[in-house]
Amino acid sequence: MGEVRVEQRGRVLLATLDNPPHALMDSDIVDGLETLVNRADSEDGVGAVVLTGSHPERFIAHYDVGELLAGARSSPSVGPRAALTSLRAVGALRRVPSVESAMNRTPAAGLVAVERFGDIFRRMNRCGAVFVAAINGSAMGGGCELSLACDARLMAAGDHGLAQPEILLGFPPGGGGTQRLARLLGSARALRMVLEGGPIAPEAAAEIGLVDEVVPGGELLERALALAERLGARPKAAVAASKRAVYEGGSMALADGLRLERAEFLAALGTAEAKQAMAAYVEGFEETGELPGYDPAGRERALRDGRFRR
């Protein structure tokens, strides 16, 4: 039975994925991730989350294939169209907690689990907290997908890799792997990674943009926490708006994406934090006659503090 151990360090939550001895993702890990996302989303004092693994060589091995097999054996076989229709229905019904609980005791439990898994990752992409993956070892399948749902990915140097090996088990990724890889790497490179199923080493992953940075193992956590602390100092409403505009607007038609961006801009513009930061900027300009954004010392303070202040 896995767990997600959480320790708060200032505005950063350090979340350690722990499921010995193999570091599998299972329903208990998913429970822990859901609780973590709820907390990151709702608490004003949380600006960022760092995810890492407790296993010395693995971030998350992959999703527990035994759980998937049990689900496949207990559910009727369906085609893609019927599955899509069912998932849409379950997605709507899940908004009512009592209904979701009841569905978990029916043959629809597998559909509920799949929808819930994807919804947790999507909420990470809409959340006002920044998620940083400190990938301390190999991450395959659901572990790779979890890292893809993060906003930044730092990976330890070493003999390990990232992979989507689902094709070798007879099915495609189901936790967002195909969609986030296509948006991150482009469709051709994403499809090749999914069809190959084999691991990509840290340096090669950084070269193609799959991870942002490769760090010596002993420095990984410190570097990830520092990045999380810096980005987590930004106003949460602005972070959430920026993430939604990039993740959701970036896959829309241009006119729709631009309209979504404008909507997020207008909504964030009226928040108390935005008004305070703008007022500080204007007051600084009036006092000095210089634009604070072009004053090296003032700009550095804003980058450190996450906003312009007086």
> Restricting attention to the range 1-45, and to residues there that are over 15 Å from the mean Cα position of the chain (by Cα) and hydroxyl-bearing (Ser, Thr, Tyr), which single residue is surrounded by the most Cβ atoms within 10 Å (Cβ to Cβ)?
Replying inline: 27
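This table checks each residue for (1) part of a helix (DSSP H, G or I); (2) among the hydrophobic types (A, V, I, L, M, F, W, C); (3) over 15 Å from the mean Cα position of the chain (by Cα); (4) not assigned by TED's automatic domain parsing to the domain that holds residue 242.
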| position | (1), (2), (3), (4) |
| --- | --- |
| 113 | yes, yes, yes, yes |
| 128 | no, no, no, yes |
| 144 | yes, yes, no, yes |
| 175 | no, no, no, yes |
>> For the range 283-310, which positions are surrounded by fewer than 12 Cβ atoms within 10 Å (Cβ to Cβ) and either in contact (Cβ under 8 Å) with a residue 60 or more places away in the chain or assigned to a helix (DSSP H, G or I) (or both)?
In response: 286, 287, 288, 294, 296, 297, 300, 304
>> Just checking, does the range 65-78 include any residue being part of a strand (DSSP E or B) and at negative phi?
In response: no
> Yes or no: residue 261 farther than 24 Å from residue 11 by Cβ and under 17 Å from the mean Cα position of the chain (by Cα)?
Replying inline: no
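How many residues does the range 236-258 hold that are without any contact (Cβ under 8 Å) to a residue 24 or more places away in the chain and surrounded by 13 or more Cβ atoms within 10 Å (Cβ to Cβ)?
So the count comes out to 7.
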>> Filter the range 184-212 down to the residues that are assigned to a helix (DSSP H, G or I) and surrounded by 16 or more Cβ atoms within 10 Å (Cβ to Cβ) and list them by number.
In response: 185, 190, 193, 194, 202, 205, 206
>> Condition first: of a type in the set (Lys, Arg) and touching a strand residue (DSSP E or B) at 6+ places or on another chain (Cβ under 6 Å). Now tell me which residues in the range 215-247 satisfy that.
In response: 223
> Only one residue in 13, 51 is of a type in the set (A, V, I, L, M) and within 19 Å of residue 119 (Cβ to Cβ), so which one is that?
Replying inline: 51
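The values are calculated or read from the model by the stated rules, or taken from the named source; none is laboratory data. Because the structure is a prediction, the values reported are computed rather than measured. Methodologically, a virtual Cβ is constructed for each residue, glycine included, from the backbone with ideal geometry; neighbour enumeration extends over all protein chains shown.
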